[in-house]
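The values are calculated or read from the model by the stated rules, or taken from the named source; none is laboratory data. A quick note: this is a predicted structure, and the numbers were derived from the prediction, not measured. Note: ideal-geometry Cβ built from the backbone for every residue, glycine included; neighbour counts use all protein chains shown. Calculation scope for accessible area: heavy atoms of the full protein, side chains included, ligands and nucleic acids excluded. Shrake-Rupley method; radii C 1.70, N 1.55, O 1.52, S 1.80 Å.
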Amino acid sequence: MSIISDSLKRIKPSPTIAVTQKARELRAKGKDVISLGAGEPDFDTPQNIKNAAIKAIKKGETKYTAVDGTPLLKKAIIAKFKRENKLNYTLDQITVGSGGKQVLYNTFMATLNKGDEVIIPAPFWVSYPDMVLLAGGKPKIIRCTEKEGFKLTPKKLKKSITKKTKWVIINSPSNPTGAGYSKKEIQDLAKVLINNKKINILSDDIYEHVRYDNFDFFTIAQLTKLKNRTLTMNGVSKSYSMTGWRIGYAAGPKNIIQAIRKIQSQSTSNPSSISQAAAVEALNGKQDFIKIRSNAFKARRDYVVKSLNNIKGISCLKPNGAFYVFPSCKGLLNKKTKLKNDTDFVQKLLEKKNVAVVQGSAFGLDGFFRISYATSMKNLKKAMERIKLFCNSLNR
Ligand code: PLP
């Protein structure tokens, strides 16, 4: 009999973390690897946020806090939702966890019964299906094509709903495609959901602050008729370059928030007290960092999209948010190139040219790959040159 639980057999390790790890190993062996696999900003955490953490340590804020967040942080989160999204919440409608990842994990553990279905539009963030599986639920993957801008359409949403549907996930701007849903697109999805009163909506807004070209961010809880069925998850990781601090949060119905607290109280307890103090400063402090950083990301996005579209066999949409692009490599999958699928493509690219990217199939859509451009322009230039050389060698 195996010591490992059966539930673990249902899931796999995160493929994006695996790619980053592989790149690290190759680098340790002396290879000049450029990793475009990581999902984290390369910018440092702003100094005012670091100072707040140092102050918290000096003041002795080093003890357990309330399980799902200090009142001070919850108040900062409430103020954020009011200021940026025109949404009103009370303290008992807010939860804070060790990263958005923990908040999502707790949500599924707290709400799913065996066989409950969760609608996940693909391409998706790699952790959604596995978290759902671990909690005993059933991921219902809906493939959204490049032609659809990689976004869920009302028609596909309607078709995928069954009596067992408990959640639908909306992630905008998206990991891995960077696609953002406009207000109109959200409203159109909402028309389907309003009549299906048993379905809850999980809005993953973690990339809210990474957006370009005046893309007008809109989150589904802003629609009054759906607010009481929506859990809106967000966090400081991507917005404030705080991935290592591990603070994520959500706002939503009291009963779900209460259930999440119960799970957290029996697992990790509160997120780090120091990180919570830092997150208060991130949310309440000056916000100019966001704009400066978005401008830098925009220049990189423009460069990467243009470079990719100049390569024969590759085509790439220009996304309006996050720091990823999701180009197609279908033009290079054929007998001549001897590449059967996107996994072959990314493996050969790493092997031949030392560039690490992630295969689209890891995100539920084959024939594509994900590039994270959250790295220096210098690295990106080198990487694009290598990808071009690699693809040209295949075309020959
Ligand atoms: N949601 C999406 C779409 C993500 O890409 C990530 C991180 O990569 C998360 C949630 C979780 O972020 P964190 O746990 O760092 O807050």
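What the table shows:
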quantity: Two-site FRET efficiency, residue 292 against residue 335, from Cβ-Cβ distance with R₀ of 45 Å, rounded to 0.05; calculated: 0.40
quantity: Inter-probe distance in nm under a simple model that places probes 7 Å from Cα toward Cβ, at residue 284 and residue 9; calculated: 5.1
quantity: Acute angle (nearest 10 degrees) that the helix 47-58 long axis makes with the longest principal axis of the chain, alpha-carbon atoms; calculated: 50
quantity: Distant-in-sequence amide H partners of residue 119 (H built 1.01 Å from N, under 5 Å); calculated: 140, 166, 167, 168, 169
quantity: Karplus (6.51, -1.76, 1.60) ³J(HN,Hα), θ = phi - 60°, over the range 305-320, in Hz, Gly and Pro reported as x; calculated: 4, 5, 4, 5, 5, 8, 9, 5, x, 10, 9, 9, 6, 9, x, 9
quantity: Burial ranking of peptide ranges 145-158, 35-48, 236-249 (average Cβ count within 10 Å, highest at the top); calculated: 236-249, 35-48, 145-158
quantity: Span from the the range 61-122 Cα centroid across to the the range 323-339 one, whole angstrom; calculated: 38
quantity: C-alpha long axis of helix 71-85 to longest principal axis of the chain, angle in °; calculated: 60
quantity: Cα centroid separation, the range 165-192 to the range 15-34 (Å); calculated: 33
quantity: Rounded if a/c under 1.5, otherwise prolate or oblate - the range 324-396, Cα gyration tensor axes; calculated: oblate
quantity: Label-point separation in nm, residue 43 to residue 83, each point 7 Å along Cα→Cβ; calculated: 1.6
quantity: Options 278, 268, 221, ranked by Cα towards positive dipole end of the chain, top entry (Cβ charges); calculated: 221
quantity: Flagged links, alpha-carbon separation over 18 Å, of 166/227; 138/166; 12/352; 140/184; 298/388; 114/159; calculated: 12/352; 140/184; 298/388; 114/159
quantity: Förster radius 25 Å - calculated FRET efficiency between residue 183 and residue 54, Cβ distance, rounded to 0.05; calculated: 0.05
quantity: Solvent-accessible heavy-atom area per residue, rounded to whole Å², over the chain at 1.4 Å; calculated: 46
quantity: Spacing of the two label points (7 Å from each Cα toward its C-beta) at residue 381 and residue 64, in nm; calculated: 5.4
quantity: Potential lengthening between residue 17 and residue 2 on full extension [0.36 nm per residue; Cα-Cα distance subtracted]; calculated: 2.8 nm
quantity: Surface share of carbon and sulfur [accessible, 1.4 angstrom probe, percent] for the range 60-284; calculated: 53
quantity: The range 60-284 - charge dipole about Cα centre, Lys and Arg +1 at Cβ, Asp and Glu -1, debye rounded to 20; calculated: 980
quantity: Whether the chain is rounded, prolate or oblate, judged on the alpha carbon gyration tensor where a/c under 1.5 counts as rounded; calculated: prolate
